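For reference, the structure discussed in these notes is given below.
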Amino acid sequence: MNNSKSEMMKIVHLDMKGAPMKVDYLEKVFQVIKSWGVTGVLLEWEDTFPYTGELDEIGSVKNAGGDNLYSLAEVTHLLACVKQLGMEPIQLVQTFGHMEFALKHPAFRELREMDQAPAVMCPTKSKSLQLVMAMVDQALQVQPDATYFHIGADEVWHAGICTDCQAKLGEDKMTKSKLYLEHVKRVVLHVKSRVPNISVLMWDDMLRPMDAETLIEYAIGDLAIPVIWHYSTVECFGLTKEMFNIYTHLFSKVFVGTAFKGANGSCQVLSPAARYVSNHEAWLSHMKENERVNFIGVILTGWSSAITHISGRQAMGAVLKHFVTCPTRRISLDVSKINVHFHDFKGGRSKVFPINKAARGILSFDNLDKNRNIYMFVHGFATYMNHPIADLVRRTFKAVPNSYLILIDHSAYTNDFDGKKKSYKREEQIRSGVADYVEVYHCDHGALGTKSVLGDIDFFVNKGSAQPQCKSLTPSNKCSHNVCVSMWMASVAHRDWFPARNCDKYEAFKNWRYDHYATLCELLPVALPSLASCLKVLHRDHDGIPMEHALCEDILPSHEWPGEEVARSIHTFVILRERAIGLLTSEMVRTWLNPWQIARRYTVPVHVEGIRVTAHHILSELVVLKADLTNSLLRITGARSTDEWVHSYIEPLITKVTRLCRIADERVVCEAGVKPM
Ligand SMILES: [Zn+2]
């Protein structure tokens, strides 16, 4: 590493895509982060920049973002503020992917690469470059002395789809990589034509899979400085030595992209410092290991809508502990020998049925309690549970006593009504809709498995393909069904270990980071303690003293915490939300006020009273919190962002608790039901 940590730039990224903060609030933040050793601020304007002329629809001039932020004077003032404090102001304007804020408008719709998706711009249409050049020009006009400029260019998910790009791809030696690089090159050259000595930054994710020859052909290293972004924790860090080796040859200098908020789940409201500190620790050790790469700075990103990971530190540990080898075996399609195990954990009994008699057998189970939950687990084709796994199941379900569990080896292969074996068909896979809730664990795509999303929630173990410790010889059999059992048991026992988000295939999940339309996540005030902790890690390493986790703080002293009251209210909200959901899903409500009992007026006042009192208590606290938080949010951000946060998080909860209060109020004054009506 040519630069010591003290010389490396430390740049804080402010994402204005959601909840842009008011100018006086940002002034306070700038002062505080300066005192924490920050050397630059990366401002990603999106729809908060006051674009004029034919671009006026997409920015703050026509209030596209709804928060009336920022005017031209405010933008100029913010850039000057950063500079006056001795920090480097850097503007980020997306020029390829993540252009929803422009391409969602009818005027620019024709420039989409894919009509249904407003994120990616077509690089082939001439008007595309005109749009980008106009945005760049206007941004640079307010900062003619800029030293750096960031052109984004990440997550260009669709390429070569429109007819123009298809035609271009038909040309000699043209590839999708070259389509991408040609556009980037044109944009960079345009930026440099405006400010000759400027350094252009770009996110590196699209360059990573490209072959070195193509990158050398376009002299990408002379054009731009890549920001290698990776937001995973120590346990899940996934950048390879090969990548760093290639980058050493391609780029004379690189930036690193870490995260201090918005990388831990799609709709999180808190930014746990330990999670983000772990990302910085991972980066520090990788920077040490790859000393030949010239890391010149760290950009600490703070996304306003989040990136998610399939599992946290704990979940990964739990899963890895249970990685097991599945034996090599011949795939047989005969399911007639499969047994169905029916477990009653509450009653401490179980019964086994041949598959063709299972349904009748289970229904005639002694004293079958139809009010208990039935979990069905389809374990995998012809895979019998070993002892440790069976133990794991028993232990897990001890904590879920009010339930039955059905275990089946497999159901993707079925017999038809005449008892004839039916061939394997993808349509027969278990999928969402066959039960109230379906979870699917993918561990063998590319062979018998699939990458398609089938359930209500899908998990892609080890990216959904071959499992690392499986010694099977045939490519069609590289799955360990027992890993799926471990995963499922962990998801039953530790629901908070498995954050998830909506997407329709693994690639979309993997690539997902920010979407203009996604739920607003952690607000800046909540994430400032995380940012402070992450910066401490970067500074501490310079001293050679390893970071102590005691220094990961989720709070800050008041004088270092602009927006403290917002942050504290959100912490209160998280606790209150837990209490509210706890009540709504409690045994008390499910026992004495279930939907059937309410519909048939078959309730008893004495039990309803307890529910009523608790519900009113929570409701009144929620209402007070909503008012307080609305006021404090309006002091630091705009009306639209305030409305969005309150109506995304607090209001839906108030609606549910209010409904429970209303029902409890009605039923508590009624006599105990005589018979269901
Ligand atoms: Zn195109």
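Okay, here's what the table says:
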quantity: Interchain or long-range residues, amide H under 5 Å from Ser350's placed H; calculated: Asp344
quantity: With every protein chain in place, the stretch 564-668: carbon and sulfur % of accessible area (1.4 Å); calculated: 59 percent
quantity: Karplus-derived HN-Hα couplings along the stretch 194-200 (A = 6.51, B = -1.76, C = 1.60, θ = phi - 60°), whole Hz, x at Gly and Pro; calculated: 7, 10, x, 8, 6, 9, 9
quantity: Other-chain or far-sequence residues with amide H under 5 Å of Ile374's (modelled H); calculated: Tyr404
quantity: Distance violations [Cα-Cα > 23 Å] among Lys10/Lys253; Lys17/Lys536; Lys34/Lys288; Lys28/Lys62; Lys28/Lys536; Lys346/Lys370; calculated: Lys17/Lys536; Lys34/Lys288; Lys28/Lys62
quantity: Heavy-atom accessible area ranking, 1.4 Å probe, most first, across Val668, Val12; calculated: Val668, Val12
quantity: Over 30 Å (Cα to Cα) - which of Lys83/Lys178; Lys104/Lys168; Lys127/Lys241; Lys351/Lys675 fall in this group; calculated: Lys83/Lys178; Lys127/Lys241; Lys351/Lys675
quantity: Inter-label distance for Glu57 and Lys28, nm, one decimal - labels placed 7 Å from Cα along Cα-to-Cβ; calculated: 3.8 nm
quantity: Estimated FRET transfer efficiency when R0 is 45 angstrom, pair Ala274-Leu634 (beta carbons, to 0.05); calculated: 0.90
quantity: Summed side-chain charge close to Glu609 - residues other than Glu609 whose Cβ falls under 12 Å, Lys, Arg +1, Asp, Glu -1; calculated: +1
quantity: Amide hydrogen neighbours beyond the local backbone of Thr637, cut-off 5 Å, H modeled; calculated: Lys22
quantity: Charge context of Met16, other residues only, Cβ under 13 angstrom, K/R +1, D/E -1; calculated: -3
quantity: Exposure ranking of Arg292, Arg601 by accessible area [1.4 Å probe, largest first]; calculated: Arg292, Arg601
quantity: Tyr602-Lys346 FRET efficiency (beta carbon distance; Förster radius 22 Å; 0.05 resolution); calculated: 0.40
quantity: Debye, to nearest 20: dipole size of the stretch 571-645, +1 on Lys, Arg Cβ, -1 on Asp, Glu Cβ; calculated: 200 debye
quantity: 3J(HN,Hα) from dihedral phi, the stretch 206-211, Karplus parametrisation 6.51/-1.76/1.60, rounded to Hz, x for glycine, proline; calculated: 6, 7, 3, x, 6, 7
quantity: Paramagnetic reach from Arg186 (point 7 Å along Cα→Cβ, amide N under 17 Å) across the stretch 107-130; calculated: 108-114, 120-130
quantity: Spacing of the two label points (7 Å from each Cα toward its C-beta) at His647 and Ser35, in nm; calculated: 3.8 nm
quantity: Label-reachable residues, the stretch 22-39, where backbone N falls under 17 Å from a point 7 Å from Thr147's Cα toward its Cβ; calculated: 34-35, 37-39
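The values are calculated or read from the model by the stated rules, or taken from the named source; none is laboratory data. Fair warning: this is a prediction, and the values are worked out from it, not measured in the lab. A quick note on method: Cβ atoms are made from the backbone with ideal geometry, for glycine too, and the neighbour counts reach across all protein chains shown. Heads up: the accessible areas ignore ligands, DNA and RNA and are worked out on the full protein's heavy atoms, side chains in. Shrake-Rupley method; radii C 1.70, N 1.55, O 1.52, S 1.80 Å.
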